[in-house]
1. If eta is 0.890 mPa s and T is 25 °C, what Stokes-Einstein diffusion coefficient results for segment B:149-296, Kirkwood Rh from Cα pairs, in µm²/s?
2. How big is the Kirkwood radius of segment B:111-228, worked out from every pair of different alpha carbons and given in Å to one decimal?
3. So if a site counts as exposed when it's one of the GluC sites (Glu not before Pro), its DSSP state isn't H, G, I, E or B, and it has at most 16 other Cβ atoms within 10 Å, what's the longest stretch of chain A without one?
4. In nm, give the distance between the simple-model label positions of A:Ala60 and A:Lys273, each being 7 Å from the Cα along the Cα-to-Cβ direction.
5. For segment A:165-362: lysine pairs with Cα atoms under 27 Å, gap of 8 or more or different chains, count?
6. Kindly list the residues of segment B:16-50 that lie in the label zone of B:Val68, defined by a backbone N under 15 Å from the point 7 Å along the Cα-to-C-beta vector.
7. Express the relative contact order of chain A as a whole percentage, based on alpha carbon pairs under 8 Å and six or more residues apart in sequence.
8. Taking the C-alpha atoms of chain A, how large are the radius of gyration and the largest Cα-Cα span, Dmax, in Å?
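The values are calculated or read from the model by the stated rules, or taken from the named source; none is laboratory data. Worth saying up front: this structure is predicted, and the values here are computed from it rather than measured. Cβ sites come from the backbone with ideal geometry, for glycine too, and all protein chains shown count toward neighbours. Quick note on the areas: whole protein, heavy atoms, side chains included, nothing else; ligands and nucleic acids left out. Shrake-Rupley method; radii C 1.70, N 1.55, O 1.52, S 1.80 Å.
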Amino acid sequence: MILALTSRNIKEIFRNRMRIGFLLGMPIAFMLIFNVAFGSSGEEIINVGIIDLDNSEISATYIENLGNISGINIISYDNEENALKDLKDGNILAYMTIPEHFGENMMLIWNNSNLEIDLKIKYDETLPNTASKFISIVTSYTLQFSRVSIPLRIDSEPINISYEKNLVNFFAPGIVIFGLMVLIPTAGGMITHDKEKGFMERILTTPVTSTQILLGYSLPLFIVALIQIATYMGVGFALGMKIYGNIFLLFAVYILTALWCIGIGMIISAWAKREDQAEPFSWIFMIPVAMLSGLWFPLENMHPVVKAIANLFPSTYSVNAARALVLKGSEFSAISNSIYILIVTTVILFLVGIFLFKKLVVK
Amino acid sequence: MIAIETHGLTKEFNGLIAVDNLNLKIKKGELFSLLGPNGAGKTTTIKMLSCLLNPTHGKIRILEYDAVEQPYEVKKVIGVSPQETVISEFLNSWENLELIGRLHRMDKKTIKERSKELLETLGLMERAKDPVHKLSGGMKRRLSLIMALIHDPAILFLDEPTLGLDPQSRRAIWEYIRKFKGEKTILLTTHYMEEADQLSDRIGIIDEGRIVALDTPERLKERYSKKKVVLVEGENIENVKGKYTIDNNRLVIEDGDIKGIVERLSKEGVIIKSIKTEEPTLEEVFIEITGKELRE
Ligand SMILES: Nc1ncnc2c1ncn2[C@@H]1O[C@H](COP(=O)(O)OP(=O)(O)OP(=O)(O)O)[C@@H](O)[C@H]1O
Ligand SMILES: [Mg+2]
């Protein structure tokens, strides 16, 4: 029974090119576009400003050698004001302040002292990926320059550099989750289409229960979700994505994401009478939610009210958990709260879905 | 044996009474037609009988089951062909039939055999492997109909089964339905008088949710329509005495006795050029009872 419906729905999804295009094609296109747009790795020259407060021979050598690194073009500033102005005008995308006593401290370090080097970097927060590239260059260069492993502190605003950043790593989890969220309009549209065209009634003239129908629609969508996840990950790896955390835990997060998306789609379809209500409604719901939950850009700098609203959406927990796993290699304990919230949300959504479906069966 | 029985069946939609206190008794093996104008309540009746709508009041028995209490039992024995064409667009005809067959728990082999027979009978075999969105409207319609037959149900609800079909396909379907006569219980709705007349054992004329007449086609015609009418063309017809009318230079006589008429008219000096009789039609019965024309 369930399998008969499942196989029908799988065929309906895969033979409908529009549908499958949206589910698989769009997020992949996103990844490629993001990668090309922000990731022209290495070839591009980054303009950075330097303010040398030390003015020693050592600091001059430091700056000169930094300028020799390919891809970096250094512009010197006398004071922070001018540098900030150029940063705001977009002439440079970051500037670094070399503190007083930099040279002296470096000398001491070379003589085996345990000193900390403090570098301040300010960067354009709209270009976090290019900035992070600069930061990692500075990090490795400074360590090289000091010749020994010193406690180097780089004060970067607004994002710290405690973990290694990689462009694909940063945007891939968000795009995967956005791709899975396309299941909302897919589920909503598909079930509403069948309601509108009388197909649901036709199924209801056969001896099936509402739970069987519900599973007959969720199962194929779940299979589609598995294919989506595998495809997105494949494309991510091809673009150089590296997962620092447990990959199975990441799968679990994605699978939970797929389930709550299917649940929401089902609830929308139980409510909507016509497909032309369900599909646009799903998108209108999805886009702001995707933005608010930090799928495309980080949430850190948002207004607290926005953050509070974002915490109402399961997508926020999905993307936080996924990003923590991919970028920081977090342990389960670090994301367990997000996972529990996702599980509870999924269960609630499905219970509501089953309840609404039961009402849909007999009018 | 009664196959379908309703008691005081009523459906209200926010104050609008779509079906009003319907009492029906349809015998096993009978073909019963519901004939009525748009909005009469035919589809609503079928939906209640097939457990898609709960009645506002009243009882429904399908064989030994109560349709409200035991919908799953009822659904096992019925086949429903909806008024709209309802098929799965991206499947082909085989797959559409297979889906309904499997939902009725048939095994794959039986589904195959039945599908083959149905597709052949209704002339769909040639295009059976095309996704159905590529079929013509009439072909889709035929597929939608045979999806109600795949599991060989004892009771069939056919809501306007031949809507939008060409005469040839319509006749093929009539032939097919006739084969079931006496064997399956069929409730069909239709707008085609000829269809109701030719196929039905009994006809219920429904208007504004009520059955306004119910009998065999023959008796309905006998009871409600004018008598057989004889039309005579010829010379001197204006001189004929008696209760006749002249319409379009033709003498209209409401009497079926052609022999008597010919004798009488020749006595009165009429030279007959042509003479023909008009049978009463269901259409007349319908207009007589409901005061409405049917859409065709
Ligand atoms: N879901 C519904 N909600 C409100 N009113 C409805 C609903 N379904 C049917 N009706 C109304 O009930 C009445 C009977 O409709 P029904 O579809 O049963 O007529 P019908 O005899 O099948 O007509 P047709 O020949 O056009 O198919 C109509 O007035 C219709 O508007
Ligand atoms: Mg109707």
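1. Value of D from the Cα-based Kirkwood radius: 135 µm²/s.
2. 15.8 Å
3. Details: sites that count: A:Glu43, A:Glu44, A:Glu100, A:Glu116, A:Glu125, A:Glu164, A:Glu300, A:Glu331.
It works out to A:165-299.
4. Result for the modelled spin labels: 8.2 nm.
5. The result is 13.
6. Counting backbone N atoms under 15 Å from the label point, the list is B:19-23, B:48-50.
7. Averaging sequence separation for qualifying contacts and normalising by length gives 19 percent for chain A.
8. Rg and Dmax of chain A, Cα atoms, are 25.7, 88 Å.
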